[in-house]
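> Okay, here's the structure, questions in a sec.
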Amino acid sequence: LSPVSDFSSDDADKVIAYLEGGGKAFITTGVTDQEMTNFKRILAFYRITEEDGLIVEGDHNHYYSNPFYILPEIASDTLTDGIYGNKYIFAPYAQALTVAESDEVVATELLSTTESSYRKAQIADTESFEKAEGDQEGPFTLGLTAEKQLGEQVSVAAVFGSEALFTEDANEMVAGANLQLFSNVWSYLVEHRLTVSIPAKSLDSGIITVPGGTSAWISIALAGYVPLNLLIAGVVIWRRRRRR
């Protein structure tokens, strides 16, 4: 989960040997200023590359509060059952993941950004959302599964490009949807199937996450439309009373 320092060469070899034997992996990536050569070797086993920099979402309906707080598009898949179409996933400070074409690796995209997104390679100032020259345009993959055929065995990985995706704070922002995705992915990795799954009811007060575009319209309505209508209604009532 989002290593901040690199694996040793020996440890990376052991992980790759495990995967070559049909092992499975759950991986999240995160931004670090360390060289991650051996960690990238593990990702490369599935032909996955972790792109440098952070993703800025330009679509107001796909981020919360600021463009680094991404509410990604969710693919329709068995791993997104119960989430797709009626819930948000919160993926703050996300990185792009790319998969090279290969006959032996089958990748399935789960989370992605819109065409309005772009990748900022230079992230010294995370307060700036302005698109700069050289910033790559989206869409980008933020989460995926990869299955690699190894003779009669298959090695499977679930990889996500947001180090905070499966934290408690991120999960609370979307009323448990991130945890639901986490549980679905683990069930997939261990080939565990339940006919009925009832998550525990939280007693904490929930947070309503509203996309930036919706938030702007609500602000306009509350600051302008509602007061204007109240003013008009007041004038109409006042004029009626005067006529009496």
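The values are calculated or read from the model by the stated rules, or taken from the named source; none is laboratory data. The structure displayed is predicted, hence computed values, not measured ones. A quick note on method: Cβ atoms are made from the backbone with ideal geometry, for glycine too, and the neighbour counts reach across all protein chains shown. Keep in mind that these areas ignore ligands, DNA and RNA; they rest on the heavy atoms of the full protein, side chains included. Shrake-Rupley method; radii C 1.70, N 1.55, O 1.52, S 1.80 Å.
> In the range 1-92, carbon and sulfur make up what percent of the accessible area (probe 1.4 Å)?
Values: 2040 of 4400 Å².
That share works out to 46 percent.
> Shifting gears a bit: Work through the residues other than Tyr18 whose Cβ is under 14 Å from its Cβ and net out their charges, Lys, Arg +1 and Asp, Glu -1. Write down the numbers at each step before the final one.
Working: positive: Lys14, Lys24, Arg41, Lys148; negative: Asp10, Asp11, Asp13, Glu20.
Residues close to Tyr18 contribute a combined charge of 0.
> I would also like to ask the following. A 24 angstrom limit on the alpha carbon distance is what I want to check against. Which of Lys87/Lys131; Lys14/Lys40; Lys120/Lys148; Lys40/Lys148 exceed it? Present the calculation step by step, with values, prior to reporting the outcome.
On the way: Lys87/Lys131 29 Å; Lys14/Lys40 14 Å; Lys120/Lys148 30 Å; Lys40/Lys148 17 Å.
Checking Cα-Cα distances, Lys87/Lys131; Lys120/Lys148 exceed 24 Å.
> Report the charge-dipole magnitude of the range 47-165 in Debye, nearest 20, computed about the Cα centre from +1 at each Lys and Arg Cβ and -1 at each Asp and Glu Cβ.
280
> Right, next: Determine the sum of side-chain charges near Glu73: Lys and Arg each +1, Asp and Glu each -1, restricted to other residues whose C-beta is under 11 angstrom from that of Glu73. Write down the numbers at each step before the final one.
Values: positive: none; negative: Glu57, Asp59, Glu109, Glu115.
Residues close to Glu73 contribute a combined charge of -4.
> Could I ask something else about it? Before anything else, pin down the relative contact order of the range 71-197: Cα pairs under 8 Å, at least 6 apart, normalised by residue count, whole percent.
Values: 195 pairs, mean separation 37.3, N = 127.
RCO, the range 71-197: 29 percent.
> Which whole-number value in Å² is the accessible area per residue of the range 37-127, probe 1.4 Å?
48
> Within the range 1-66, list the trypsin sites (Lys or Arg not before Pro) lying in a DSSP loop whose Cβ has at most 16 other Cβ atoms in a 10 Å radius.
Details: sites: Lys14, Lys24, Lys40, Arg41, Arg47; in loops: Arg47.
Within the range 1-66, the qualifying trypsin sites (Lys or Arg not before Pro) (loop, at most 16 other Cβ atoms within 10 Å) are Arg47.
> Could you state the number of Å between the C-alpha centres of the range 74-116 and the range 45-64?
Taking the Cα centre of each part, the range 45-64 and the range 74-116 sit 10 Å apart.
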